[in-house]
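Below: the structure, in structure tokens.
Each reported figure results from applying straightforward, stated rules to the coordinates on display, with no laboratory input. Note that the coordinates shown come from a computational prediction; the quantities given were computed from them, not determined experimentally. So basically every Cβ, Gly included, is an ideal-geometry build from the backbone, and we count neighbours across all protein chains shown.
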Amino acid sequence: MLDDADRRILRHMMVEPEMAGSALAERAGVTASTLARRLERLRSAGILKGVRGVIDWRALGYEVEVSLRVTLDKTQSRAFDEFIAAAREVPEVLEIQTFLGQVDVRLAVIARDMGHYQQLYRERLLTLPHISDIEALMHVARVKEQEALPL
């Protein structure tokens with residue numbers, strides 16, 4: 001589905017997503033009009049979903065990062081839907097993932113400090129519906145963070 005030019009375009013976008021179109025076209029070895037057509041095709045095919053800003057939450061005062069592994073009461077038919085809808089309403093929940101297996105949902109949560117996390121945990125997270133078990137994993141260090149694919 002992807003040819004060499006598409007791969008070059010995507011590789012350069014992964015490394016430097018804010019690169020201007022003319023520079024991207026030059027580095028990928030295509031004309032500006034070819035780049036525009038290929039980007040549109042990649043978007044239409046759902047391969048290129050967009051460019052996003054990556055925010056350093058620590059720079060904004062959020063020092064605590066926690067991964068919550070949640071097991072839901074699956075005897076309730078709407079447990080997943082109701083839990084996810086409620087979790088989406090918590091601004092400090094950055095990511096929600098669902099799984100098959102013992103753990104049903106993982107929440108990525110940020111807080112300003114441990115006091116803020118404790119308040120958030122007690123008042124917002126533990127009150128989410130249909131929780132049968134919850135385990136908190138405190139984030140210590142990000143060893144590898146990469147979204148780039150080997151193209």
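Observations on the structure shown:
- Cβ-Cβ FRET estimate between residue 3 and residue 23, R0 fixed at 22 Å, reported to 0.05: 0.60
- Long-range amide H partners of residue 76 with built H, under 5 Å: none
- Per-residue ³J(HN,Hα) for region 17-25, Karplus 6.51 cos²θ - 1.76 cosθ + 1.60, θ = phi - 60°, Hz, x for Gly and Pro: x, 8, 4, 5, x, 5, 5, 5, 4
- For the chain, the Kirkwood radius over C-alpha pairs fed into Stokes-Einstein at 4 °C and 1.567 mPa s yields D = 70 µm² per second.
- Most to least packed among 127-136, 62-71 [average Cβ atoms within 10 Å]: 62-71, 127-136
- Length gained when the stretch residue 47-residue 33 is fully extended (0.36 nm per residue, less Cα-Cα span): 3.1 nm
- Note, ³J(HN,Hα) from phi for region 4-9, Karplus 6.51, -1.76, 1.60, rounded to Hz, x at Gly and Pro: 4, 5, 4, 4, 4, 4
- Model label points for residue 96 and residue 82, set 7 angstrom from Cα along the Cα-to-Cβ axis, are 1.4 nm apart.
- Rg [Å, one decimal], Dmax [Å, integer] - region 1-87, C-alpha atoms: 20.2, 58
- Compared with the direct C-alpha span, the chain from residue 133 to residue 119 gains 3.2 nm at full extension, assuming 0.36 nm per residue.
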